[in-house]
Amino acid sequence: MVDYISVIKSEEYKSISVCFYLEQDRIMAIGEKMNAINEEAYMNGYNWEPFFAHYFNKTNPDILIGLEPDPEAGMYVASYTLNADNEARANKFETAVKNLIENEQLIYDFLKEEGGEIEWD
């Protein structure tokens, strides 16, 4: 079971949200390694926002269409208006984040290559 990310669909609010929970040991450890690579990469929710924006702009810009970010200190939420296209985007977002976390070297390599181009918080 993956405890650091979930997708919440609300018919009532006509929204779909991908919640990335940062206060997990594994996510905190990845954030610390990111900060060691790039001192601007202090990985609270506010800095995951520009990281994801830059990463997806380079790797899968479709994910960014309609995405409304809502970063917090201990969480990053990607929200979309609920429709079939956005549900697919939310699922792609979730899958991509899981891939990054499960293959964290992808994060570090991207950060080394692109970290200077990211507009950190």
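Here, each number is a calculation from the coordinates, and none is a lab measurement. Treat the numbers as computed from the prediction; the structure is a model and nothing was measured. Using ideal geometry, Cβ is built from the backbone for each residue, glycine included, and neighbour counts are taken over all protein chains shown.
Points worth noting:
- On the stretch given as the range 16-62, residues that are out of contact with any strand residue (DSSP E or B) (no Cβ under 8 Å at 6 or more places or on another chain), closer than 18 Å to residue 99 by Cα and of a type in the set (Val, Ile, Thr) total 2.
- Residue list for the range 54-75, restricted to those being in contact (Cβ under 8 Å) with a residue 12 or more places away in the chain and touching a Leu at 6+ places or on another chain (Cβ under 7 Å): 56, 74, 75
- Qualifying positions in the range 51-78 - closer than 14 Å to residue 20 by Cα, among the small types (Gly, Ala, Ser) and over 11 Å from the mean Cα position of the chain (by Cα): 73, 74
- For the range 90-121, the set of residues classified as surrounded by 14 or more Cβ atoms within 10 Å (Cβ to Cβ) and among the small types (Gly, Ala, Ser) consists of 90, 96, 115, listed by residue number.
- Test result for residue 85, in a strand (DSSP E or B) and either under 23 Å from residue 12 (Cβ atoms) or touching a residue at least 12 places away in the same chain (Cβ under 8 Å) (or both): no
- Selected residue (criterion: farthest from residue 116 (Cα to Cα)) from residues of the range 1-15 that are part of a loop (DSSP other than H, G, I, E, B) and touching a strand residue (DSSP E or B) at 6+ places or on another chain (Cβ under 9 Å): 14
- Selection status of residue 39, more than 16 Å from the chain's Cα centre (by Cα) and not in a helix (DSSP H, G or I): yes
- Checking the stated criteria, residue 92 turns out to be within 12 Å of the chain's Cα centre (by Cα), part of a helix (DSSP H, G or I) and without any contact (Cβ under 8 Å) to a residue 60 or more places away in the chain.
- Extreme residue, surrounded by the fewest Cβ atoms within 10 Å (Cβ to Cβ), among residues of the range 44-67 that are touching a Phe, Trp or Tyr at 6+ places or on another chain (Cβ under 7 Å) and outside any helix (DSSP H, G or I): 66
- Taken residue by residue, the range 30-47 has at least one member that is β-branched (Val, Ile, Thr) and in contact with a helix residue (DSSP H, G or I) (Cβ under 7 Å, 6 or more places away or on another chain).
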